[in-house]
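One structure is given here, and the rest of the page talks about it.
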Amino acid sequence: MLLIGLTGSIATGKSTVSSLLSSPPYSLPIIDADVLAREVVEPGTKGYRAIVAHFGPSVLVPASDTMPEAGPTGKGRPLNRPALGRQVFGDEPTARKNRAVLNGIVHPAVRRAMFFAAARAYFAGHRAVVLDVPLLFEGRLDRFCGTVMVVAVRDPKVQMQRLRARDEHLTEEDAENRVKSQGDVRVKAARCQARGGRGRGVVVWNDHGREELAMEVQRAMSEIEAASPSWWSLALLLCPPAAVVIGTWNFWQNVRTNRYWAKREERERAKL
Ligand SMILES: CC(C)(COP(=O)(O)OP(=O)(O)OC[C@H]1O[C@@H](n2cnc3c(N)ncnc32)[C@H](O)[C@@H]1O)[C@@H](O)C(=O)NCCC(=O)NCCS
Ligand SMILES: Nc1ncnc2c1ncn2[C@@H]1O[C@H](COP(=O)(O)OP(=O)(O)OP(=O)(O)O)[C@@H](O)[C@H]1O
């Protein structure tokens, strides 16, 4: 089964591309890290308890006439996501530190949930599955993917306009902090291209309208399908040992690409 890692930066169009990929003619199953990241911090979960222990009750929805002190289910009041967001998004040291703590709580739980969802897709006989993960590179999940697809915009203004139009509740400062909390999408696009051709890394450019985006997705999927045709996926499905060998080989290739990328970044930094 081909793991397609779908990533980008905030408001560059990942969800829009993911809904195209889940519809005909592609009809691919999607494992959405943002959805899982919400599930693993629902009241009553280990993640929820760890967040409240670290950040305190100020990151919970306040108690009110409609919100009981112990929450609607008795397991605690839900997280006040914008309030928690204000503590973790941004460039200042405190925000960075808080983000690292939150990531340390949420990411391992998300990775576990993803592993089980991918295993279910494999046993259901799917030839490919999309891992929709905003922090694919940062969480080093790209190492497990046969293909990485980055949804990117060349013009940062387009990204900010789309973010402000979609999330009207965000102030300009909130929006800027969120953009700064994620790596530059053009760097992610370059890193994706560094994985090499033959469908290993494909960039979907999304500066224009939705029709152009659909065409970009079609082009990217043709490249992926040419490199990993259906008969190949079926052969791997029927022969699990071969799937393990190919998976290990892919993993090793990806580790080598990441080492090359880390050295390249080090050289760039040394030049500055
Ligand atoms: C801080 C939280 C509560 C804010 O929730 P809110 O509903 O307001 O925003 P949402 O989750 O939709 O995120 C908005 C944007 O920020 C990005 N983002 C979320 N978490 C992070 C993070 N830790 N680092 C960088 N970007 C992030 C998202 O991918 C998205 O593009 C939430 O983002 C969270 O729990 N983040 C930690 C978990 C995480 O890393 N999720 C990303 C996928 S695993
Ligand atoms: N080509 C396009 N033309 C016009 N609007 C677009 C286009 N692509 C995406 N959008 C809009 O831009 C906004 C951001 O897109 P989307 O939600 O898909 O991004 P995202 O990368 O999933 O964001 P996030 O990381 O915040 O979840 C949405 O309102 C979406 O409808």
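What the table below lists for this structure:
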| quantity | calculated |
| --- | --- |
| Odd one out for residue 230, checked against (1) farther than 20 Å from residue 18 by Cβ; (2) polar (S, T, N, Q); (3) under 20 Å from the mean Cα position of the chain (by Cα) | (3) |
| Count of the range 92-123 residues which are out of contact with any Lys or Arg (no Cβ under 8 Å at 6 or more places or on another chain), of a type in the set (Gly, Ala, Ser) and in contact (Cβ under 8 Å) with a residue 40 or more places away in the chain | 5 |
| Residue among 204, 148, 158, 217 that alone is within 11 Å of ligand 2 (Cβ to nearest atom), in contact with a Gly (Cβ under 9 Å, 6 or more places away or on another chain) and of a type in the set (A, V, I, L, M) | 204 |
| Helices (runs of 4 or more DSSP H) contained in the range 190-272 and holding at least 1 residues more than 16 Å from ligand 1 (Cβ to nearest atom) and basic (Lys, Arg) | 210-227, 240-271 |
| Only listed residue being within 14 Å of ligand 1 (Cβ to nearest atom), at negative phi and either touching a helix residue (DSSP H, G or I) at 6+ places or on another chain (Cβ under 9 Å) or of a type outside the set (Ser, Thr, Tyr) (or both), chosen from 57, 82, 62, 24 | 82 |
| Evaluation of residue 89 against (1) within 16 Å of ligand 2 (Cβ to nearest atom); (2) surrounded by fewer than 19 Cβ atoms within 10 Å (Cβ to Cβ); (3) over 30 Å from residue 127 (Cα atoms) (one fails), failing number | (2) |
| Failed item, numbered, when residue 140 is tested on (1) surrounded by 15 or more Cβ atoms within 10 Å (Cβ to Cβ); (2) closer than 24 Å to residue 103 by Cα | (1) |
| Unmet criterion (only one of (1) buried (at least 21 other Cβ atoms within 10 Å of the Cβ); (2) over 18 Å from residue 14 (Cα atoms)) for residue 148 | (2) |
| Test: residue 185 is among the β-branched types (Val, Ile, Thr) and within 16 Å of ligand 1 (Cβ to nearest atom) | yes |
| Qualifying residue in the range 123-131 (condition: touching a strand residue (DSSP E or B) at 6+ places or on another chain (Cβ under 9 Å), at positive phi and not aromatic (Phe, Trp, Tyr)) | no |
| Index of the failed condition, residue 14 passing every other in (1) out of contact with any Gly (no Cβ under 7 Å at 6 or more places or on another chain); (2) under 14 Å from residue 132 (Cα atoms) | (1) |
| Flag for residue 163 being touching a helix residue (DSSP H, G or I) at 6+ places or on another chain (Cβ under 9 Å), within 14 Å of ligand 2 (Cβ to nearest atom) and more than 30 Å from residue 126 (Cβ to Cβ) | yes |
| Residue tally, condition near ligand 2 (Cβ under 9 Å from one of its atoms) and not aliphatic (A, V, I, L, M), over the range 8-51 | 10 |
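Each reported figure results from applying straightforward, stated rules to the coordinates on display, with no laboratory input. Bear in mind that the values here come from a model prediction, so they are computed numbers and not experimental data. A quick note on method: Cβ atoms are made from the backbone with ideal geometry, for glycine too, and the neighbour counts reach across all protein chains shown.
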